[in-house]
Each structure stands twice: as C-alpha cells, then as structure tokens.
Amino acid sequence: MTFEEIVTQLKQGNYAQVYFLTGEEPWYADYITDYIAKNALKEDEKPFNQTILYGRDVDAVDLVHSARRYPMMAPRQVIIVKEAQNIKNFDPLESYLKAPAPTTILVINYRDKFDKRKKVWKALNKKEFIKLETKKLYDNQVGPWITKYLKSIGLSIEPKANQMLVDHLGTKLTNIVKALDKLKVAVGTDVSTITPKHIEDYIGISKDFNMFELQNAIVKGEVVKANQIARVFGQNPKEYPIQMTIGVLFSFFSKLLLYIATKDKSQQNIASKLGIPPFFVKDYQAASRRFNWNKSRQVVSLLREYDMKSKGFNNNSATPGDLLQELVFKIMH
C-alpha cells in the first residue's frame, strides 16, 4: 500500500491493527504516526488509552505486553513506538502478530531500513496490517514533489521558484515540508502562486545568488555574473556548500550529455528521458549550443575532479571558495 493510500484510509477513519513504518525517508512515517496520535482517539480517551514509547526505553516483550492490554472506557487503545530502530530484538513481536489484540492500534516507527530476512517482516503480510517502506527522493524527484505538496495545501509555484527551492533545500522531506509550510503561512490567503520573490522574502534564498542562477550564467556564457555568484558562494560556504553546488552542476551536465545523445528531441520525449518538467527542456536546448558532447564530457570530468579536491584529495591549501572560482573559470573557458 502506498503512502497516499494509507493516508486516504486514515482520513476515512479506517485504522489497521498494526502499522510498521520503515525506510530511509522518515517524513512519511512521522506523518502517519502523528496523524494516528491526533485522530485515532478522542481527547478524553487519550490519557488512559494512548501510550507513546521509545525504542531505547523498551524491548519487544514489553511492547507485546502493552499491546495486549485492554482499553479503559474506550473502544480501542493506541500504542506508538518511536525510534523503534533502537529495539535490539524484534523476534518476540512475531507471536503478537500471529494473534494481535483486536482493540489495539500498534504503530511502529522504525527510522531506518528494516532487515527483511527477519520473521517479523514476513509475519506482517496480513490484510489487517500495514507496512510501509520508504526511500529517499532522487534529485529529479524533488521538484515534482514540491509541486504536488503545494497543490495539496492550495498553492502552485512558478518553475524558477521551484528550482530555487530544489537547489537550496536538498532531498530531506522534513526540511522541504518545514519550508513549504512556512511559505504557506507567510504568503497569506490572498496568494495562490509562489514566485521567486516569495522565496527570497520568506525563505531567504536570493533570486540573484543561487545555484540555479549560477548554472544559468554558466550555460549562457555570462562570465562576470558566474564569477560574481561563485565569489558570493565562496564567502558563505555554510549557506552554499561547494559539494552541493558541484552536485547541482553535475546533475545538469550529466543530463545535458543524455540530451545530446538522444535522437528524438521533442519536448515530451526529452522531459521523459531526463526526468524534468517540460518547461526546462529549453535550458538543455540552449546549453547544447554552447557545450557540445566533448565539452560536456570535459565539464563532467572537471566536476568529479573538484568534488574530490573539495573533500581534501590532492588539495593542501585551497579553500572551497578558491576551488569553486577555479572550477567555474575552467568550465567557461
């Protein structure tokens, strides 16, 4: 069952007996856990029937005992285990899964990958149970995810503003959602579309000095602007880490190589091949006129080289700012 399907069931008031939530992206598990904690019981039922445990403080035997208790003056009880990855041995839980208490909702929030070879994982294969395994977003999935989330809270976003967020926020959904919720509050009810100006005003990302603008300056051959942005990045290494900048450029030029190698350059086909919104296809069309196959390969090699240097390999004294300015110069000449 997907995250969206689980949330739909929860909003309809349909609760499973057991939720086992695991994977590399904890936001999904946290959302489901929080929703159940807020909504599965009435407020006056929670004091006696909602128990929140932490993996470091409980073992699986204690957990089973808690889950088998009967609710008090309520039709059910909720047992939530947070940070369940700290439970050393899950084997005792298998016996509970064979005969779960019908009046208990058990939520296990395991903030890591779970070993699927364990018997507990197989024991979760019942229609009464829900197990969700999540993965981190890839870089090319972040932009569409931002668009989808904003739509769910009644907002749209301009492509450039979206890219600014992608460049700045990374792939952790907790950080992304926090920023988007902040935007929702900040822009107020009169705004329906997020623009770069909103990003600059409320998230603190400059529309002139961000990785998207650096990439654009490089592609357009705007040497002065590219050097200016690289200089600002170098002066603010915590806000603009060089590894993140290199990662953004590496992603772009890797896709540019794929664009150049693709015969069918229709907008729809390129957007599908590169995993980008159709709006950005024109950027690759423009870039291919300045960076041919050989030059693009050279840029990718440079990015790999300077990524290693930024991590201390073959670099004794150059600062991240020095490395970035040197890298931008070599890419553009």
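The values are calculated or read from the model by the stated rules, or taken from the named source; none is laboratory data. Predicted model only: the values in this text are computed from it and were never measured. With ideal geometry, Cβ positions are generated from the backbone for all residues, glycine too; neighbour counts draw on all protein chains shown. Quick note on the areas: whole protein, heavy atoms, side chains included, nothing else; ligands and nucleic acids left out. Shrake-Rupley method; radii C 1.70, N 1.55, O 1.52, S 1.80 Å.
When the convex hull of its Cα atoms is viewed from all sides, segment 205-256 shows a mean projected area of 3.4 nm².
Taking the longest Cα principal axis of the chain as reference, the axis of helix 320-332 is set at about 60 degrees.
Ellipticity at 222 nm from helices only: DSSP H runs of n ≥ 4 in the chain, each -39500 (n - 2.57), divided by the residue count, give -16000 deg cm²/dmol.
In summary, segment 65-137 shows an alpha-carbon radius of gyration equal to 1.16 times the 2.2 N^0.38 Å reference for compact globular proteins.
Using the 2.2 N^0.38 Å rule of thumb for compact globular proteins, work out how segment 1-118 stacks up: its C-alpha Rg over that value, please. Kindly include the intermediate steps, with their values, before the conclusion.
On the way: Rg = 13.6 Å, N = 118, 2.2 N^0.38 = 13.5 Å.
Dividing the Cα Rg of segment 1-118 by 2.2 N^0.38 Å gives 1.01.
For the chain, averaging the sequence separation of C-alpha pairs within contact (under 8 Å, six or more residues apart) and dividing by the residue count gives a relative contact order of 15 percent. So what does log10 I(q)/I(0) come out to for segment 217-333 at q = 0.11, 0.16, 0.17 Å⁻¹, using the Debye formula with one equal point on every Cα and no solvent? With one equal scatterer per Cα and no solvent, log10 I(q)/I(0) is -0.38, -0.76, -0.85. When the Cα centres of segment 109-180 and segment 6-34 are compared, how far apart do they sit, in Å? Cα centroid to Cα centroid, the span is 13 Å. Surface composition of the chain: carbon and sulfur make up 51 percent of the accessible area, probe 1.4 Å.
Accessible area per residue (1.4 Å probe, heavy atoms of protein chains only) ranks K11, K127, K282, K255 as K127, K11, K282, K255, with the largest value leading. How far, in degrees from 0 to 90, does helix 281-290 lean away from the longest principal axis of the Cα atoms of the chain, to the nearest 10? Computed tilt is about 30 degrees.
Could you pull out every residue, at least 5 positions away or on a different chain, whose amide H is within less than 5 Å of the one on G23? Hs are placed 1.01 Å off N in the peptide plane, and Pro or chain starts have none. The list, which skips near neighbours in sequence, is D112, K113, F114, T134. Taking the C-alpha atoms only, the angle from helix 139-152 to the longest principal axis of the chain is near 60 degrees. Here the Karplus curve 6.51 cos²θ - 1.76 cosθ + 1.60, taken at θ = phi - 60°, turns the phi angles of segment 105-117 into couplings of 9, 9, 10, 10, 9, 10, 7, 5, 6, 9, 6, 6, 6 Hz, with x standing for Gly and Pro.
Measure up K148/K255; K11/K273; K88/K311; K148/K295; K178/K263 against 32 Å on the Cα-Cα distance and list the ones that go over.
On the way: K148/K255 23 Å; K11/K273 36 Å; K88/K311 35 Å; K148/K295 36 Å; K178/K263 41 Å.
Pairs exceeding 32 Å: K11/K273; K88/K311; K148/K295; K178/K263.
Run the Debye formula on the Cα coordinates of segment 143-224, all scatterers equal and no solvent, and tell me log10 I(q)/I(0) at q = 0.24, 0.27 1/Å. For segment 143-224 at q = 0.24, 0.27 Å⁻¹, log10 I(q)/I(0) is -1.16, -1.42.
Annotation for Q235 and T103: the two label points, set 7 Å from Cα along the Cα-Cβ direction, are 6.7 nm apart. Between amide H atoms placed 1.01 Å from N, distances below 5 Å from Y54 occur with K82, all of them 5 or more places distant or on a separate chain.
Convex hull over the Cα atoms of segment 58-212, averaged projected area in nm²?
Quarter of the Cα hull surface area: 12.6 nm².
A straight chain from I260 to M1 at 0.36 nm per residue would run longer than the Cα-Cα distance by 89.4 nm. Solvent exposure of segment 129-288 amounts to 49 Å² per residue of accessible area, where only protein heavy atoms count and the probe is 1.4 Å. Take the Cβ-Cβ distance between W293 and D34 as r, set R0 to 41 Å, and report the resulting FRET efficiency rounded to the nearest 0.05. So the FRET efficiency works out to roughly 0.25. Placing dummy labels 7 Å off each Cα toward the beta-carbon, the span from T8 to K126 is 2.5 nm. The alpha-carbon atoms of segment 231-275, seen along their principal axes, cover 42, 15, 14 angstrom, with the largest extent given first. Across the chain, counting alpha-carbon atoms alone, Rg and Dmax equal 24.6, 75 Å.
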